[in-house]
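Every number here is computed from the coordinates shown, using simple stated rules; none is lab data. Model, not experiment: these values are computed from the prediction. Please note: Cβ atoms are built from the backbone with ideal geometry, for glycine as well, and neighbour counts cover all protein chains shown.
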Amino acid sequence: MSPISITVQHRKEALGQAYIRAVVAKAGYNFGGKSDFDYGFDGTIKDVSCRGGRYFENGFGLNYQLKSSCNVTNKDGRVIYDLECKNYNDLVIETTSFPNILILFVMPKDECEWIDFSIGRLIIRKCAWWYSLEGQPPTANSKTKRIKIPEQQVFSPKELHRIMKSVKGGYKL
């Protein structure tokens, strides 16, 4: 095995982005990717429509902040994570044109278990959950704010369709 040349956190983030890209592709949306500069969001997922055989972005979508972590606990049907306050406060803002969500990609503690592949398959372990903090008050905490995501909010193609339907209907997430 060759030496690893990027940080552990960058490898975690890259696998989290790969998970998101896979879900977005399977669901049939357009991945907006990262902006040139980091101003609070890691990407955008955009809805696409078809008119006369031509596909186009229809103006609906959502922003996301990705966190990839091995330091998560599950308790009482919730995924519990300590989110940095700066990220929390970015996500509670209601003045963006797209809704904002957190996507929390949870990985095994053992790096050897993060990914498995062969000619017949690619497995990225474990799973991601999504959470909307819209409407929550900003925090005055100095370091982290504990969030509790319902375990049923798995970030999957089916769930992304449900989220986008809510966005297009003007409903709060």
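Under a straight-distance cross-link criterion of Cα-Cα below 19 Å, which aspartates and glutamates are reachable from LYS165, leaving out those fewer than 8 residues away in the same chain?
In chain and number order, the partners are ASP47, GLU57, GLU94, GLU134.
Which residues make up the longest stretch of the chain that has no chymotrypsin sites (Phe, Trp or Tyr not before Pro) in a DSSP loop with at most 12 other Cβ atoms within 10 Å?
Result, exposed sites excluded: 40-170.
For HIS161 and TYR55, calculate 0.36 nm times their separation in residues minus their Cα-Cα distance, and state this gained length in nm to one decimal.
Gain on stretching HIS161 to TYR55: 36.4 nm.
For GLU113 and ARG146, compute 0.36 nm times the residue count separating them, minus their Cα-Cα distance, and round to one decimal in nm.
9.2 nm
As an exercise, identify the trypsin sites (Lys or Arg not before Pro) in region 124-173 lying in DSSP coil whose Cβ has no more than 14 other Cβ atoms within 10 Å.
When the trypsin sites (Lys or Arg not before Pro) of region 124-173 are filtered for loop state and at most 14 Cβ neighbours within 10 Å, ARG125, LYS126, LYS143, LYS172 remain.
For the chain, set up a Gaussian network in which alpha carbons nearer than 10 Å are linked by springs, and say which option among ALA14, ALA140, ALA22 fluctuates the most.
Between ALA14, ALA140, ALA22, it is ALA140 that shows the largest mean-square fluctuation.
What's the exposure ranking of GLU151, GLU13, GLU94, going from fewest to most Cβ atoms within 10 Å?
Final ranking by Cβ density, sparse to dense: GLU94, GLU151, GLU13.
Determine, for ARG78, ARG51, the number of other Cβ atoms within 10 Å of each Cβ, and report the residues in order from fewest to most.
Exposure proxy ranking, most exposed first: ARG51, ARG78.
Output the Cα-based Rg and Dmax of region 8-169 in Å, rounding Rg to one decimal and Dmax to a whole number.
Final numbers for Rg and Dmax: 16.1, 53 Å.
As a footprinting exposure proxy, order LEU66, LEU104 by other Cβ within 10 Å, with the fewest listed first.
LEU66, LEU104
So if R0 is 30 Å, what FRET efficiency would LYS126 and LYS86 give, r being the distance between their Cβ atoms, rounded to the nearest 0.05?
The pair LYS126/LYS86 has a calculated efficiency of 0.75.
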